[in-house]
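Participant: I have a structure here, written as structure tokens, and I will follow up with some questions on it.
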Amino acid sequence: MSAEQPRLTPLGVMVLALLREGAMHPYEMVRLLRQRRDDRMVSITNGTLYHTVDRLNQQELLVEVGVDREGNRPERTTYRLTDAGRDAVTEWVRRELPRNDRTAQFRVALAEAHNLDRDEVIALLTLRREGLAADLEVHRRGLSDATGRGVQPQFLIEVDRQADLIETDLRWTDRLLQRLADPDYAWGVDSATSPTPVLRTDSKDSK
């Protein structure tokens, strides 16, 4: 593999992170990702996942460890995570966690933040908080200036909504940083005392 950092999609990161739990075949990956409702963050279809696994295999971020067949079912190839794949996850999270301009990537980075040390996560989220605060100031100033020029509120509803979303994100980030600063707040894969939770929902659209 080249010395350049591998290009990863959010789904690719989720696949590599999933393989931290052990070797598995793509069918099992799809089942677990859907069971845990990770399809809230990225679109997961059999086709896109198999394509993602093939690309990760070519990048040597995962490797085949065997092929098995059950009855008349098609052969299933099992994959395991490589050291390069493990490093790729942490590096991707480091790049995306402090950003506030890539919502889809941030959600996945946040979901996988436990792969980094607590202090590093605090530092990265603090950087993101600074960016959010600056962005909120820009929106508030823009709203104030536009209102002062007599711009009608109907033309400012999107900006107003975005300002509220940023402010909510800031409040949530502050709460998370407070929790992370508490040494009693469990952090990291090694501190987990229960399996990865399955998100339950009462929505009738849930599968």
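The values are calculated or read from the model by the stated rules, or taken from the named source; none is laboratory data. Note that the structure is predicted; figures quoted are calculated from it, not measured. Cβ sites come from the backbone with ideal geometry, for glycine too, and all protein chains shown count toward neighbours.
Participant: Would you check if there is a residue in segment 96-106 being out of contact with any strand residue (DSSP E or B) (no Cβ under 7 Å at 6 or more places or on another chain), closer than 21 Å to Val53 by Cβ and in contact (Cβ under 8 Å) with a residue 24 or more places away in the chain?
Facilitator: Taking every residue of segment 96-106 in turn, at least one turns out to be out of contact with any strand residue (DSSP E or B) (no Cβ under 7 Å at 6 or more places or on another chain), closer than 21 Å to Val53 by Cβ and in contact (Cβ under 8 Å) with a residue 24 or more places away in the chain.
Participant: Run down Leu116, Leu81 and say which single residue is within 20 Å of Glu60 (Cβ to Cβ) and in contact with a helix residue (DSSP H, G or I) (Cβ under 8 Å, 6 or more places away or on another chain).
Facilitator: On the way: Leu116 fails: within 20 Å of Glu60 (Cβ to Cβ).
Being within 20 Å of Glu60 (Cβ to Cβ) and in contact with a helix residue (DSSP H, G or I) (Cβ under 8 Å, 6 or more places away or on another chain) holds for just one of Leu116, Leu81, which is Leu81.
Participant: Taking Leu56, is it at pLDDT 95 or above, more than 20 Å from Gln105 (Cα to Cα) and surrounded by 12 or more Cβ atoms within 10 Å (Cβ to Cβ)?
Facilitator: It is false that Leu56 is at pLDDT 95 or above, more than 20 Å from Gln105 (Cα to Cα) and surrounded by 12 or more Cβ atoms within 10 Å (Cβ to Cβ).
Participant: Next question, about the same structure. When only residues in segment 61-78 that are in contact with a helix residue (DSSP H, G or I) (Cβ under 8 Å, 6 or more places away or on another chain) and surrounded by 14 or more Cβ atoms within 10 Å (Cβ to Cβ) count, which is nearest to Leu8 (Cα to Cα)?
Facilitator: Filtering first and then ranking leaves Leu61.
Participant: Only one of these conditions is not met by Arg34: (1) in contact with a helix residue (DSSP H, G or I) (Cβ under 6 Å, 6 or more places away or on another chain); (2) in a helix (DSSP H, G or I). Which number is it?
Facilitator: Unmet for Arg34, out of (1) in contact with a helix residue (DSSP H, G or I) (Cβ under 6 Å, 6 or more places away or on another chain); (2) in a helix (DSSP H, G or I): (1).
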